[in-house]
Amino acid sequence: MAGEQLGALLAETARAWRAQLDERLRPLGLSQTRWLVILHLSKHPDGLSQNELANRLGISSASLSVQVDRMEREGWLERRPHEYDRRCKLLILSKRSQELSKQIARTAASLRKELLAGLSEADILSCERVLKHILLRTQTG
């Protein structure tokens with residue numbers, strides 16, 4: 001039946017792609033959690049709350065807390081007050097991480113190019129359209 005293997009293929013593909021990127025970023029001394037945090041925060045220069053970041057990473061805020069504390073102590077990120085909510089702190093990349101995020105992005109782009117080699121632009125756009133449709137359906141119930 002069409003689509004029967006799709007969920008498993010999506011999960012395995014995502015895991016394999018992340019593992020490949022993790023292997024390429026290992027020489028930078030970054031764990032997968034750290035480069036994922038840096039990558040997500042680099043896309044949000046105004047910062048994200050810890051809850052927002054945890055949701056994007058697919059983990060609980062409590063699970064992320066230890067890593068964020070450690071990354072702040074080591075100078076990878078900073079906590080800043082939220083402009084509208086005094087109870088909330090925003091996570092912002094440090095200058096050190098901003099530079100590193102560019103290297104992560106270049107490495108990710110290189111891997112993406114390799115993995116998508118041999119596929120037509122139409123195939124890639126079709127795949128993106130299908131994945132966006134599935135994602136939207138999961139978010140709206």
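Any read-out appearing in this document is the output of simple, stated calculations on the displayed coordinates, not a laboratory observation. What you see is a predicted model; the values in this text were computed from it and never measured.
Taking the longest Cα principal axis of the chain as reference, the axis of helix 6-25 is set at about 50 degrees.
For S94, the amide hydrogen comes within under 5 Å of the amide hydrogens of L77, E78, counting only partners 5 or more places away or on other chains and with H modelled in the peptide plane. Here the Karplus relation 6.51 cos²θ - 1.76 cosθ + 1.60, evaluated at θ = phi - 60°, turns the backbone of the stretch 119-132 into coupling constants of 9, 6, 4, 4, 4, 5, 5, 5, 4, 4, 4, 4, 5, 4 Hz, with x for every Gly and Pro.
In degrees, nearest 10, range 0 to 90: what is the angle between the Cα axis of helix 95-116 and the longest Cα principal axis of the chain? Roughly 10 degrees, rounded to the nearest 10.
Couplings 3J(HN,Hα) of the stretch 60-68, computed from phi: 6, 4, 5, 5, 7, 3, 4, 5, 5 Hz, in residue order, whole Hz [Karplus 6.51 cos²θ - 1.76 cosθ + 1.60, θ = phi - 60°; x for Gly and Pro]. One chain, two ends: N51 and H82. Fully extended at 0.36 nm per residue, the span grows by 9.9 nm beyond their Cα-Cα distance. Between E23 and E114, the contour length at 0.36 nm per residue exceeds the alpha carbon distance by 31.3 nm. Extension gain, L136 to R70, is 20.4 nm, computed as 0.36 nm per intervening residue step minus the present C-alpha separation. Backbone phi angles across the stretch 31-38, fed through the Karplus curve with coefficients 6.51, -1.76 and 1.60 (θ = phi - 60°), yield HN-Hα couplings of 6, 4, 4, 5, 5, 5, 4, 4 Hz in residue order; Gly and Pro are listed as x.
(i) 2, 10, 20, 23, 20, 13, 8, 4, 1, 0, 0; (ii) 2, 10, 18, 18, 15, 12, 9, 7, 5, 3, 1, 0; (iii) 2, 8, 15, 18, 19, 15, 12, 7, 3, 1, 0: which one is P(r) over Cα pairs in 5 Å bins from 0, in percent as calculated from this entry? After the calculation, the listed value that fits is (iii).
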